Amino acid sequence: MKILAIGRNYVNHAKELNNPVPQEPVVFSMPDSALLKNNNDFYYPDFSKDIHHELELVIKINRVGKNIPIEFAHRYYEEVALGIDFTARDIQAECKKKGLPWEKAKAFDGAAPISKFIPKNRFKSVGNLNFNLDINGERVQTGNSTNMIFSVDYLISYLSQFFTLKIGDMIYTGTPEGVGPVKIGDHLVAELEGEKMLDFHVK
């Protein structure tokens, strides 16, 4: 399986990092070693001093597809989850300054906590899902998928032009505004439509 991730998919998040609003999806990938499952603790890596949280809606591909028309994209996933894209902001800034790829700031071991997946048919529309992140009991991120620049179905169609999507592949769909640093000792809890999905600590 592979993990495809989308950057700057919410206007206000792009603005808060002083990035231009993209005209097409910003795509990067992560290895499966980036996944952090079962609410296991996140261990702060020793190569960074500025790890930021980015809460995201995640979908899982359920059939093989290539060059998928957008009108059929909804057939290619049945489950949704929440994930966090931990970002070593200091390393990312260095890479950007040098014009280099920044996977090592985004795709390191444990950088992508993932919740359980739940059926999308439990919700009226994946295009209108509320999700939020609390750190130590304080709300830090609140998002709704209606505010995505590029919808889930568009992302599936777009990505399938470049990559054959396979069963079990995950798409991290981008984060809303409110990203910020985490520190050792923090307790992170994320909810999707009021249901607790992530609950873990930074060690």
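Inspect the stretch 74-82 for any residue being aliphatic (A, V, I, L, M) and farther than 28 Å from Trp102 by Cα and give the result as yes or no.
The answer is no; no qualifying residue exists.
Determine which single condition Val27 fails, assuming it passes every other condition in (1) farther than 25 Å from Asp199 by Cα; (2) in a loop (DSSP other than H, G, I, E, B); (3) at pLDDT 95 or above.
Just one mismatch for Val27, condition (2).
When residues of the stretch 36-58 are filtered for being closer than 29 Å to Ser125 by Cβ and either free of Cβ contacts under 8 Å to residues at least 12 places away in the same chain or among the acidic types (Asp, Glu) (or both), how many remain?
3
Need pairs with beta-carbon distance below 7 Å; first residue closer than 16 Å to Lys49 by Cα and within the stretch 166-193, second of a type in the set (Lys, Arg) and surrounded by fewer than 19 Cβ atoms within 10 Å (Cβ to Cβ); sequence gap 6+ or separate chains.
As it stands, the answer is Ile184/Lys203, since those pairs meet every condition given.
Mind checking whether some residue in the stretch 61-80 is within 24 Å of Gly178 (Cα to Cα), modelled with pLDDT of 95 or more and either surrounded by 16 or more Cβ atoms within 10 Å (Cβ to Cβ) or within 16 Å of the chain's Cα centre (by Cα) (or both)?
yes
I'm trying to understand the selection: among the residues of the stretch 75-99, which are under 24 Å from Gly65 (Cβ atoms) and free of Cβ contacts under 8 Å to residues at least 24 places away in the same chain?
Correct list: Arg75 only.
Could you list all residues from the stretch 30-86 that are assigned to a loop (DSSP other than H, G, I, E, B), under 20 Å from Leu198 (Cα atoms) and of a type in the set (Phe, Trp, Tyr)?
Tyr43, Tyr44, Phe86
Scan the stretch 151-178 residue by residue and report those that are under 22 Å from Phe86 (Cα atoms), crowded, with 20+ Cβ neighbours inside 10 Å and in contact with a helix residue (DSSP H, G or I) (Cβ under 7 Å, 6 or more places away or on another chain).
Those that are under 22 Å from Phe86 (Cα atoms), crowded, with 20+ Cβ neighbours inside 10 Å and in contact with a helix residue (DSSP H, G or I) (Cβ under 7 Å, 6 or more places away or on another chain): Val152, Ile171, Thr173, Thr175, Pro176.
Grab the helices (runs of 4 or more DSSP H) fully contained in the stretch 87-203, keeping just those with 2 or more residues being under 22 Å from Val27 (Cα atoms) and over 18 Å from the mean Cα position of the chain (by Cα).
Helices (runs of 4 or more DSSP H) meeting the threshold: 89-98, 152-162.
Which numbered condition trips up Ala111, out of (1) surrounded by fewer than 19 Cβ atoms within 10 Å (Cβ to Cβ); (2) touching a helix residue (DSSP H, G or I) at 6+ places or on another chain (Cβ under 9 Å)?
The number of the failed condition is (1).
Condition first: acidic (Asp, Glu) and modelled with pLDDT of 95 or more. Now tell me which residues in the stretch 149-203 satisfy that.
Hits for the stretch 149-203 are Asp153, Asp169, Asp186, Glu191, Glu193, Glu195, Asp199.
Are there any pairs with C-beta distances below 8 angstrom linking a residue in the stretch 100-116 that is of a type in the set (D, E, K, R) to a residue that is part of a loop (DSSP other than H, G, I, E, B) and surrounded by fewer than 21 Cβ atoms within 10 Å (Cβ to Cβ), with the two at least 6 apart or on different chains, and if so which?
As it stands, the answer is Asp109/Pro45, since those pairs meet every condition given.
The values are calculated or read from the model by the stated rules, or taken from the named source; none is laboratory data. Note that the structure is predicted; figures quoted are calculated from it, not measured. Cβ: placed from backbone, ideal geometry, glycine included. Neighbour counts: every protein chain shown.
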